[in-house]
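The values are calculated or read from the model by the stated rules, or taken from the named source; none is laboratory data. For clarity, every value in this text was computed on a predicted model and none was experimentally measured. Ideal geometry is used to build each Cβ from the backbone, glycine not excepted, and the neighbour counts take in all protein chains shown.
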């Protein structure tokens, strides 16, 4: 117990708190929209925590399997498992505890469907993507992005105990957002991924090809964000926000495409995070004002 308290920052890092923040926002959005801003308090609280715990558990599994490649990359060489601040055994125990406690919350306060969908997401990201898919194809992030896109559906399922078509539209948006978001980082860290022998798109196909696909996916993302308005899921506030946010994303993508120094890679990556958070905020505001 003493070592856990002493290394609390390392354990927190294993859960990937930055990723957890976006997951939390999108999952809560699914709950609030799915319940018209009237979710049962216990379902909302324990559902969010339970889903977050399973996501955190899969993040720890990711750290465990990626330990060797993390040691070869500047971006990840100071992670707790690489430095030895936390042992492999401690990480595994931590992951199991997160999974079991999160599962108990979901099964007790939400429903079996939510637990099942969240567990399948945990398996897909923690084991299938991290251990195998990442090394099989340069399109790894396109397919693997499904795991990170699931939170709105998980939150909606926690409230409704169903798989709602409108929730799937939110999953689609995040899934299409993931490649331009992550590929911008991969362009910036292309040497890291090359040294670690991870077949990311800029390593396999080159940086110019990747920047072209970032631009194309940004156009596709803009089109996908129009779908919730087209099916009358959201109104004009969302439409205006999605158009403006998407236009700015396109400007970043265009600038990166024509930037021979790749200096725009990290600003594009940073904006992509702001973009997704702002887009979901617009969804919430639009839906709340329409009630």
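Okay, here's what the table says:
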quantity	calculated
Region 98-124: number of residues that are over 22 Å from the mean Cα position of the chain (by Cα) and within 13 Å of residue 15 (Cα to Cα)	0
All positions within region 199-240 that are crowded, with 20+ Cβ neighbours inside 10 Å, more than 30 Å from residue 286 (Cα to Cα) and touching a residue at least 40 places away in the same chain (Cβ under 8 Å)	200, 201, 203, 211
Qualifying positions in region 19-39 - without any contact (Cβ under 8 Å) to a residue 24 or more places away in the chain and part of a helix (DSSP H, G or I)	21
Test for residue 238: is it at pLDDT 95 or above, within 16 Å of residue 183 (Cβ to Cβ) and part of a helix (DSSP H, G or I)	no
Single residue of region 73-86 satisfying the filter (touching a helix residue (DSSP H, G or I) at 6+ places or on another chain (Cβ under 8 Å) and in a loop (DSSP other than H, G, I, E, B)) that is surrounded by the fewest Cβ atoms within 10 Å (Cβ to Cβ)	74
